[in-house]
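The values are calculated or read from the model by the stated rules, or taken from the named source; none is laboratory data. Bear in mind the structure is a predicted one, so any value in this text is a computation, not a measurement. Reconstructed Cβ throughout: ideal geometry from the backbone, glycine too, with neighbour counts over all protein chains shown.
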Amino acid sequence: MRRGDVGAFYVYNHVIHLLESSDATMPKRPPRLSARKREYKHDWDRNKSNGNPYGSVWKKLRNAYMKQHVLCADPDKRHPDRVVPADDCDHVIPICQGGETTWDNLQALCRDCHKAKTARESARARGI
């Protein structure tokens with residue numbers, strides 16, 4: 001027996017001992033989710049009735065846009081001497097500021113540019 005197996009061995013024996021005692025019972029399995037709940041983990045995947053603007057239309061538009069724009073737009077000139085692949089699709093004018101989900105209002109960004117833009121927009125919204 002390897003050194004790392006000793007702890008697991010004692011835990012296993014302890015569990016077996018508890019199960020053999022008269023008081024212990026096997027724990028019940030957690031209830032299974034219905035097929036509908038498994039299919040939709042989040043309400044915004046199903047519809048927009050809860051106020052979330054992202055739905056299936058957004059996903060299709062984002063996927064089509066990202067197929068055509070594979071490189072980071074680099075709006076802040078964070079990496080002018082490098083070519084960086086795009087990871088995220090971002091609204092140039094955020095939806096909360098009246099921007100729309102249209103082809104002209106999208107840009108492909110790398111993770112660093114997207115994080116910087118999101119932080120800047122959040123700070124502006126908080127009034128910092």
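Mind counting the residues in segment 81-101 that are at pLDDT 90 or above, in a loop (DSSP other than H, G, I, E, B) and not charged (D, E, K, R)?
5
How many of the residues making up segment 73-102 are touching a Leu at 6+ places or on another chain (Cβ under 7 Å) and in contact (Cβ under 8 Å) with a residue 40 or more places away in the chain?
Qualifying residue count, segment 73-102: 2.
What are the residues in segment 117-128 that are part of a helix (DSSP H, G or I) and surrounded by fewer than 15 Cβ atoms within 10 Å (Cβ to Cβ), if any?
Matches in segment 117-128: 118, 119, 120, 122, 123, 124, 125, 126.
Looking at 108, 73, can you tell me which residue is in contact with a strand residue (DSSP E or B) (Cβ under 8 Å, 6 or more places away or on another chain), at pLDDT 90 or above, surrounded by 11 or more Cβ atoms within 10 Å (Cβ to Cβ) and assigned to a loop (DSSP other than H, G, I, E, B)?
That would be 73, the only listed residue that is in contact with a strand residue (DSSP E or B) (Cβ under 8 Å, 6 or more places away or on another chain), at pLDDT 90 or above, surrounded by 11 or more Cβ atoms within 10 Å (Cβ to Cβ) and assigned to a loop (DSSP other than H, G, I, E, B).
Within the bounds of segment 15-31, is there any residue that is modelled with pLDDT under 90, surrounded by 13 or more Cβ atoms within 10 Å (Cβ to Cβ), of a type outside the set (A, V, I, L, M, F, W, C) and over 23 Å from residue 123 (Cβ atoms)?
no
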